[in-house]
Amino acid sequence: MTGQTRGTIEMAVAMTISGTIGWFVIMSGQPVIDVVFWRCVFGAVTLSAVCLARGLLRRDALSRRQLLIAMAGGVAIVLNWLLLFGAYAHSSISIATTVYNTQPFMLVGLGALLFAERLTVNKLLWLAVAFGGVLLLVQARPESGQTGSDYLLGIVMALASAFFYALAAIAAKKLTGVPPMLIVLIQVIVGIVLLAPLSHVATPPGGASTWAMLASLGVIHTGLAFILLYGAIQKLPTHLVGALSFIYPLVAILVDVAAFGHRLYFLQIVGGAAILLAAAATTLGWSPIRARRPA
């Protein structure tokens, strides 16, 4: 098996696991703050074992400045999880995940604001397509009670979640050379510290099935998924990583339909397709405008 083939399998498995996360969140039956807290706890245990086995838990593993950046990224990723998981209950897993995939545009916008990166005509065109998709989703608001308690709030929360993911990605970009597993470990430890005072630690959930759901979110959806993801990124070209990442929203939509019976309306399908198309185009560098060749 070649390195690229193995990386493709790892990426596909990681994205498939990520696509099922909404089912585990909802089936746990716990408040969102508790879900994220226990995800961080189980994730920290798993990643600590991995980092220890790889000899990454050393004093000289990162500088003070890198530690502070990683902690700031941890705050962003925790807010990302809280908002995304909260969006599920308001708009459905399908809609929240689709809107969440506006992440590439958040990164483009932040890159332009913070790093003076150039906004090309192609990027602006795809941004307009994605924005049109979001507007269609807003206009396609279903009848009350069919997909969530507040459909529009779910869309706003998913957009905010994508924004905080972009902030976490920028923080990670500043940590070039730091092992990714160590970055994620710091992030989940930050999550434990932030959420411990807010979660119901004194009255933990009961029932083996609930604990199985929470443990899965930490061990499988955080520990295993991140190990597979980073392993794949090291083996695959960027364009293939970008292409395979769209397994995640497709699996999430299938899980939502199969497990909860949520069906997308026509305008929702069109709007969601526009967002995913624009996100794929931005990630993979597709160009709707071809530069003229000189005569």
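So the check is Cβ under 6 Å with 6+ separation or different chains; which pairs have a first residue in the stretch 45-59 that's farther than 20 Å from HIS221 by Cα and a second one that's outside any helix (DSSP H, G or I)?
LEU56/PRO179
If the Cβ limit is 9 Å and pairs must be 6+ apart or interchain, which residue in the stretch 250-270 that is hydroxyl-bearing (Ser, Thr, Tyr) pairs with which residue that is at pLDDT below 85?
Final answer for the pair search is TYR265/ALA140; TYR265/PRO142.
Name the residues in the stretch 148-174 that are touching a Gly at 6+ places or on another chain (Cβ under 8 Å) and either hydroxyl-bearing (Ser, Thr, Tyr) or farther than 26 Å from ILE95 by Cα (or both), would you?
The answer is ALA171, ALA172.
Taking the condition of a type outside the set (D, E, K, R), farther than 23 Å from VAL138 by Cα, in contact with a Lys or Arg (Cβ under 6 Å, 6 or more places away or on another chain) and part of a helix (DSSP H, G or I), does ILE77 pass?
Numbers: of a type outside the set (D, E, K, R): yes; farther than 23 Å from VAL138 by Cα: yes; in contact with a Lys or Arg (Cβ under 6 Å, 6 or more places away or on another chain): no; part of a helix (DSSP H, G or I): yes.
Answer is no for this residue.
For LEU79, all conditions in the list (1) under 28 Å from ALA128 (Cα atoms); (2) in contact with a Ser or Thr (Cβ under 6 Å, 6 or more places away or on another chain) hold save one; what is the number of the exception?
Against the list (1) under 28 Å from ALA128 (Cα atoms); (2) in contact with a Ser or Thr (Cβ under 6 Å, 6 or more places away or on another chain), LEU79 comes up short only on (2).
Matching residues to (1) touching a helix residue (DSSP H, G or I) at 6+ places or on another chain (Cβ under 9 Å); (2) within 17 Å of PHE85 (Cα to Cα); (3) among the aliphatic types (A, V, I, L, M):
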| site | (1), (2), (3) |
| --- | --- |
| GLN4 | yes, no, no |
| THR8 | yes, no, no |
| ALA12 | yes, no, yes |
| THR20 | yes, yes, no |
| TRP23 | yes, yes, no |
| MET27 | yes, yes, yes |
| GLN30 | yes, yes, no |
| VAL36 | yes, yes, yes |
| CYS40 | yes, yes, no |
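Please specify each residue of the stretch 50-70 satisfying the condition of being farther than 24 Å from LEU167 by Cβ and in a helix (DSSP H, G or I).
Result: VAL50, LEU52, ALA53, ARG59, ASP60.
Could you tell me whether the stretch 139-146 includes any residue that is of a type outside the set (A, V, I, L, M, F, W, C), touching a Leu at 6+ places or on another chain (Cβ under 7 Å) and in contact (Cβ under 8 Å) with a residue 60 or more places away in the chain?
If we filter the stretch 139-146 for residues that are of a type outside the set (A, V, I, L, M, F, W, C), which is where we start, we get 139, 141-146.
Of the ones still in play, those that are also touching a Leu at 6+ places or on another chain (Cβ under 7 Å) are 139, 141.
This time we only want the ones that are in contact (Cβ under 8 Å) with a residue 60 or more places away in the chain, so: 139.
For the stretch 139-146, residues of a type outside the set (A, V, I, L, M, F, W, C), touching a Leu at 6+ places or on another chain (Cβ under 7 Å) and in contact (Cβ under 8 Å) with a residue 60 or more places away in the chain: present.
So which residues in the stretch 173-189 are more than 15 Å from THR222 (Cβ to Cβ) and either under 15 Å from the mean Cα position of the chain (by Cα) or surrounded by fewer than 19 Cβ atoms within 10 Å (Cβ to Cβ) (or both), if there are any at all?
Within the stretch 173-189, the subset more than 15 Å from THR222 (Cβ to Cβ) is 173-179.
Across the stretch 173-189, the qualifying residues are LYS173, LYS174, THR176, GLY177, PRO179.
Hey, among ALA172, ALA168, ALA87, which residue is touching a Pro at 6+ places or on another chain (Cβ under 8 Å), among the small types (Gly, Ala, Ser) and within 30 Å of LEU224 (Cβ to Cβ)? Explain how you work it out, then say what you get.
On the way: ALA168 fails: touching a Pro at 6+ places or on another chain (Cβ under 8 Å); ALA87 fails: touching a Pro at 6+ places or on another chain (Cβ under 8 Å).
Unique residue meeting the criteria: ALA172.
May I ask you to verify whether VAL35 is assigned to a helix (DSSP H, G or I), surrounded by fewer than 21 Cβ atoms within 10 Å (Cβ to Cβ) and not charged (D, E, K, R)? I'd like the intermediate steps shown before the answer.
Numbers: assigned to a helix (DSSP H, G or I): yes; surrounded by fewer than 21 Cβ atoms within 10 Å (Cβ to Cβ): no; not charged (D, E, K, R): yes.
No; evaluated as a whole, the condition is false for this residue.
Would you check which residues across the stretch 169-191 are within 23 Å of PHE42 (Cα to Cα) and either free of Cβ contacts under 8 Å to residues at least 60 places away in the same chain or in contact with a His (Cβ under 6 Å, 6 or more places away or on another chain) (or both) and list them?
Matches in the stretch 169-191: PRO180 only.
A quick yes/no check of all residues on (1) touching a helix residue (DSSP H, G or I) at 6+ places or on another chain (Cβ under 8 Å); (2) in a helix (DSSP H, G or I):
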position	(1), (2)
SER48	yes, yes
ALA72	yes, yes
LEU84	yes, yes
SER94	yes, yes
LEU110	yes, yes
LEU119	yes, no
LEU125	no, yes
ALA130	yes, yes
VAL134	yes, yes
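Do we have any residue at all in the stretch 135-146 that's of a type outside the set (A, V, I, L, M), closer than 22 Å to GLY29 by Cβ and at pLDDT 85 or above?
Residues of the stretch 135-146 that are of a type outside the set (A, V, I, L, M), as a first pass: 139, 141-146.
Imposing the further condition that a residue be closer than 22 Å to GLY29 by Cβ reduces the set to 145-146.
Checking which are at pLDDT 85 or above leaves us with none.
No, the stretch 135-146 has no match at all.
The values are calculated or read from the model by the stated rules, or taken from the named source; none is laboratory data. Owing to the predicted nature of the structure, the values given are computational and were not obtained by experimental measurement. Counting neighbours? That spans all protein chains shown, and the Cβs are built from the backbone with ideal geometry, glycine included.
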